[in-house]
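Worksheet: one structure, shown below.
The values are calculated or read from the model by the stated rules, or taken from the named source; none is laboratory data. Please read all numbers here as calculations on a predicted model, not as lab measurements. FYI the Cβ positions are ideal-geometry reconstructions off the backbone, even for glycines, and counts take in every protein chain you see.
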Amino acid sequence: MPKILAIDYGQARVGLAVSDPEGRMAFPFATVAWQTRDALFRELLDVITSQGIAAIVVGYPARAGGDESLTGRQVRKFVARLSRRTDLPIVLVDEAHSTEEAAEQLREAGLSGPALSARVDAQAAAVILTRYLRGGALCCDPSCSDSSSSSS
């Protein structure tokens with residue numbers, strides 16, 4: 001099974017995580033600080049190529065009741081722009097509390113302050129990827145059926 005890239009999208013930084021080739025484990029990969037969309041997409045496409053990525057998982061801020069937040073709309077726009085640049089399948093995964101979970105994992109590993117801040121986005125992407133690998137795909141498109149939301 002080829003590698004999967006997870007993206008924790010943010011307006012200033014994007015956390016990246018990559019699975020092992022068997023799709024069993026998620027590893028924090030990098031945090032990309034970005035200022036222009038073009039530079040961000042160039043960086044992402046470089047990672048996709050260099051790591052042999054076959055699918056992409058993006059954290060999505062799902063909300064109870066189905067209404068979409070501003071952040072949710074920003075993630076959807078990001079995914080639409082990314083999908084115009086790659087033919088790889090892109091799946092949305094609920095990112096609820098992923099940053100808090102990532103920060104707790106890093107604190108348990110002995111990190112704090114700037115060291116924790118530097119790694120939290122990539123670790124959050126690893127949390128999102130772990131959720132996906134455990135079957136946590138999320139279909140955010142009303143035209144999707146439940147059966148299509150769990151395929152990758």
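Just one of the listed residues (L82, L111, L138, L133) is modelled with pLDDT under 95, within 20 Å of I48 (Cα to Cα), buried (at least 16 other Cβ atoms within 10 Å of the Cβ) and over 11 Å from the mean Cα position of the chain (by Cα), and it is L133. Counting the residues of the stretch 71-101 that are closer than 16 Å to Y60 by Cβ and assigned to a helix (DSSP H, G or I) gives 16. Going by what's in this entry, would A126 be described as touching a strand residue (DSSP E or B) at 6+ places or on another chain (Cβ under 9 Å), at pLDDT 95 or above and either aliphatic (A, V, I, L, M) or not in a loop (DSSP other than H, G, I, E, B) (or both)? It is true that A126 is touching a strand residue (DSSP E or B) at 6+ places or on another chain (Cβ under 9 Å), at pLDDT 95 or above and either aliphatic (A, V, I, L, M) or not in a loop (DSSP other than H, G, I, E, B) (or both).
Considering each residue of the stretch 28-47, count those that are under 13 Å from the mean Cα position of the chain (by Cα) and either crowded, with 17+ Cβ neighbours inside 10 Å or not in a strand (DSSP E or B) (or both), and give that number. Selection size over the stretch 28-47: 5. For the stretch 57-78, state whether one or more residues are at pLDDT 95 or above, surrounded by fewer than 16 Cβ atoms within 10 Å (Cβ to Cβ) and under 22 Å from T130 (Cα atoms). Scanning the stretch 57-78 turns up no residue that is at pLDDT 95 or above, surrounded by fewer than 16 Cβ atoms within 10 Å (Cβ to Cβ) and under 22 Å from T130 (Cα atoms).
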